[in-house]
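> Have a look at the structure that comes next, please.
The values are calculated or read from the model by the stated rules, or taken from the named source; none is laboratory data. Model, not experiment: these values are computed from the prediction. No Cβ is skipped: glycine too gets one built from the backbone with ideal geometry, and neighbour counts run over all protein chains shown. Surface areas here come from the heavy atoms of the whole protein model, side chains and all, with no ligands, DNA or RNA. Shrake-Rupley method; radii C 1.70, N 1.55, O 1.52, S 1.80 Å.
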Amino acid sequence: FAQVDPAMAPRDKERRSGNPKSSVKQQPKKSGAGGKFTMGKAGDEWQGYDPEERRIDPEDGFAYTWDELVDFYKGKYKKKELEAYWEYECTPKTRGKPKVAKPEPKAKAKAKAKAKAEAKAPKAVEPKAKVKAKAKAKAPKEIDPEKDEKLAKAIAEVIPYFPFKKLEKFYDIQGLLHHPKLLNAMCAVMARRFRKMKVTKICGFEARGFLFTPVALKLGVPFIMLRKAGKMPNTISSGPYTKEYEGVDEICVQKGAIVKEDKVVLIDDLVATGGTLCAGIKLMEACEATVVECACMVELKALNGREKCLKAGAESVWGFISEDLLNTKAELPDDYKDDGQK
């Protein structure tokens, strides 16, 4: 056998990483969830959370760390609500990977750090407590009203109307579903609005109200289905009511889904005569819950549904898009016929 030069012998056991060509020592993996950071305390498992990351709170426009945000909103929102707020509403202050600084002489690095600290001192971010005090002194304002108006117009453009169910204009929400980014933006606007109301549950009407389940996900609260009679077990009924345009129906909720002192929002795609929403208000009243708002994406003001809902007991009625923006006429094929069933 040929002799092997010791200097050229394989050194797999002494390799500095998993890569045979690397001379860098591989660091042992730490046990745990696998991420470098957790939420800060034992038992919290939010992989990827960086305690030094700052995100901009849309409520006041200032950047805070997760710990600062939790400390400010402590007692106001639950942990899951804050996680959703941090993840979907707060925007990172900086994007991209941080640049790695080159090594500098100790004296030079020390002088540079001191000068940088002095330059930044006058521009320090105000403590959250001071921002809170200022907020109390001013009347609350809607965030980015111009942005909301642009979104309303963009959504209206993709919702066509058809001659359907003997109606001259039947607005088809399927048009919005072809544009997931617009739907998500609509749900974000709703979540932002309802968060301030401290709602405990979101209730959606069968079937188009179910499309707004992402609102509940963003808020971290349960979504409750309000369904027609005979569609789910163990229910409480609203009793018969006149539907939006013609006919009689009945709406139900499962027993125990809504409890005493719940603060709920009733969501549907559209408010017209208010018949369906009023049935929902009556159902919530039977469960001893408060309807803080009836919320719809579209409001047909000429049919006076708003007044009926307020009279029935809703604290507020809100529609994001008014009918005057809905001007997109559907392109009908030659063989189109109105086959809708009321």
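> What single numbered condition from (1) modelled with pLDDT under 95; (2) among the hydrophobic types (A, V, I, L, M, F, W, C); (3) closer than 21 Å to Asn184 by Cβ fails to hold for Val215?
Evaluating Val215 over (1) modelled with pLDDT under 95; (2) among the hydrophobic types (A, V, I, L, M, F, W, C); (3) closer than 21 Å to Asn184 by Cβ leaves (1) as the failure.
Conditions tested, residue by residue: (1) closer than 24 Å to Pro214 by Cβ; (2) modelled with pLDDT of 80 or more.
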| site | (1), (2) |
| --- | --- |
| Gly48 | yes, no |
| Glu52 | no, yes |
| Gly61 | no, no |
| Thr65 | no, yes |
| Glu68 | no, yes |
| Lys76 | yes, no |
| Glu81 | yes, no |
| Glu89 | yes, yes |
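> Still on this structure, I have one more. Just to verify a result, which residue in the stretch 276-291, among those that are open to solvent by 10 Å² or more (accessible area, probe 1.4 Å) and β-branched (Val, Ile, Thr), is farthest from Met186 (Cα to Cα)?
Thr290
> Scan (1) of a type outside the set (Lys, Arg); (2) over 19 Å from Leu300 (Cβ atoms); (3) in a helix (DSSP H, G or I); (4) at pLDDT 95 or above for the single condition Glu146 breaks and write down its number.
Against the list (1) of a type outside the set (Lys, Arg); (2) over 19 Å from Leu300 (Cβ atoms); (3) in a helix (DSSP H, G or I); (4) at pLDDT 95 or above, Glu146 comes up short only on (4).
> Among the residues of the stretch 116-138, is any among the charged types (D, E, K, R), open to solvent by 100 Å² or more (accessible area, probe 1.4 Å), at pLDDT below 90 and in a strand (DSSP E or B)?
No.
> Take the residues in the stretch 300-315 that are modelled with pLDDT of 95 or more and not in a helix (DSSP H, G or I), then tell me which one is least open to solvent (accessible area, probe 1.4 Å).
Within the stretch 300-315, the match that is least open to solvent (accessible area, probe 1.4 Å) is Ala314.
> Among (1) assigned to a helix (DSSP H, G or I); (2) open to solvent by 30 Å² or more (accessible area, probe 1.4 Å); (3) in contact (Cβ under 8 Å) with a residue 12 or more places away in the chain, which single condition is Gly209 missing?
All conditions are met except number (2).
> A further question on this structure: Just one of the numbered conditions (1) within 12 Å of the chain's Cα centre (by Cα); (2) open to solvent by less than 50 Å² (accessible area, probe 1.4 Å) is not true of Ile224; which one?
For Ile224, the exception is condition (1).
> Taking into account only those residues within the stretch 259-275 that are within 23 Å of Gly230 (Cα to Cα) and open to solvent by 10 Å² or more (accessible area, probe 1.4 Å), which is modelled with the lowest pLDDT?
By that ranking, first place goes to Gly275.
> Would you mind stating whether Lys255 is more than 20 Å from Val298 (Cβ to Cβ), charged (D, E, K, R) and modelled with pLDDT of 95 or more?
Yes, satisfied.
Here's the yes/no breakdown for (1) closer than 15 Å to Ala295 by Cα; (2) open to solvent by 30 Å² or more (accessible area, probe 1.4 Å):
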site: Arg192; (1), (2): yes, yes
site: Met197; (1), (2): yes, yes
site: Ile202; (1), (2): yes, no
site: Pro214; (1), (2): yes, yes
site: Gly230; (1), (2): no, yes
site: Thr235; (1), (2): no, yes
site: Gly247; (1), (2): no, yes
site: Ile251; (1), (2): no, no
site: Gln254; (1), (2): no, yes
